[in-house]
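For reference, the structure discussed in these notes is given below.
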Amino acid sequence: MADSGITALPLLFGDTPSTAISACAAAVTAAVRVGLTGAPNVDWSGFTVAIGEKIKEMFDIDLIPVITGAWEDLRELQECADPRTHPPDESISLPLIDHHIDSTLKPYLDVAIGGLPAIRVSFEIAFDIELQGITVEIQDAVIRALRLGSCQAEATVKCDGAVLFKRSTRKLEVPGEIILPRGIPIRPPDSA
């Protein structure tokens, strides 16, 4: 489970998670059936249900590192990490420019049945995220919290190269502040 509570699950599975999970589980089941020709008797319906749970776990991706990873080279952010100009006890509220983030993740499942060799089933998740009105709260060269004015996102999920589904959100207003319990360290300007 993601530390921040901001995960890819709502974006990927939306209001009808069973449909998306079923599509992914069916793709995994088909790939494993092809790869396990001559396998012992397998309860494929039970297998598909078990794989559905693994898919939910695999897609429980924390989006905060995806989002903040796009900022690591921002000069303004690196300047806030400079201990010569910002002592550790100083709190900084830094507004950032609006961001468009493209990120692709490639999770996979290794499926083994009985004593047969495992079959790897590869997924690809492509995110396209628009963020507006971002402010980060920084202390001691660590992002401690962030506020997003609004966001809009799209994701495409592929299994072994075949598109399983695409999802997109409407523009969402994001109220409040996201506290990051562990924080996200910022590279100081010297190490950039």
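Odds and ends about this structure:
- Residue check, residue 16 loosely packed, with under 12 Cβ neighbours inside 10 Å and hydroxyl-bearing (Ser, Thr, Tyr): yes
- Applying the condition of being part of a loop (DSSP other than H, G, I, E, B) and in contact (Cβ under 8 Å) with a residue 40 or more places away in the chain to the stretch 126-145 and asking which residue is surrounded by the most Cβ atoms within 10 Å (Cβ to Cβ) yields 141.
- Within the stretch 18-68, the set of residues being among the hydrophobic types (A, V, I, L, M, F, W, C) and over 30 Å from residue 102 (Cβ atoms) comprises 32, 34, 36, 39, 42, 44, 47, 49, 50.
- Residues of the stretch 18-59 classified as outside any helix (DSSP H, G or I) and small (Gly, Ala, Ser), total: 2
- Scope the stretch 167-178; condition loosely packed, with under 11 Cβ neighbours inside 10 Å and charged (D, E, K, R); matching residues: 170, 171, 173
- The residues of the stretch 6-45 that are closer than 14 Å to residue 59 by Cα, in contact (Cβ under 8 Å) with a residue 60 or more places away in the chain and among the small types (Gly, Ala, Ser), listed by number, are 8, 14, 20, 23.
- Candidates 45, 93 - the one that is more than 19 Å from the chain's Cα centre (by Cα), surrounded by fewer than 12 Cβ atoms within 10 Å (Cβ to Cβ), of a type in the set (Ser, Thr, Tyr) and modelled with pLDDT of 90 or more: 93
The values are calculated or read from the model by the stated rules, or taken from the named source; none is laboratory data. What you see is a predicted model; the values in this text were computed from it and never measured. For neighbour counting, all protein chains shown are included, and Cβ atoms are generated from backbone atoms with ideal geometry for every residue, glycine included.
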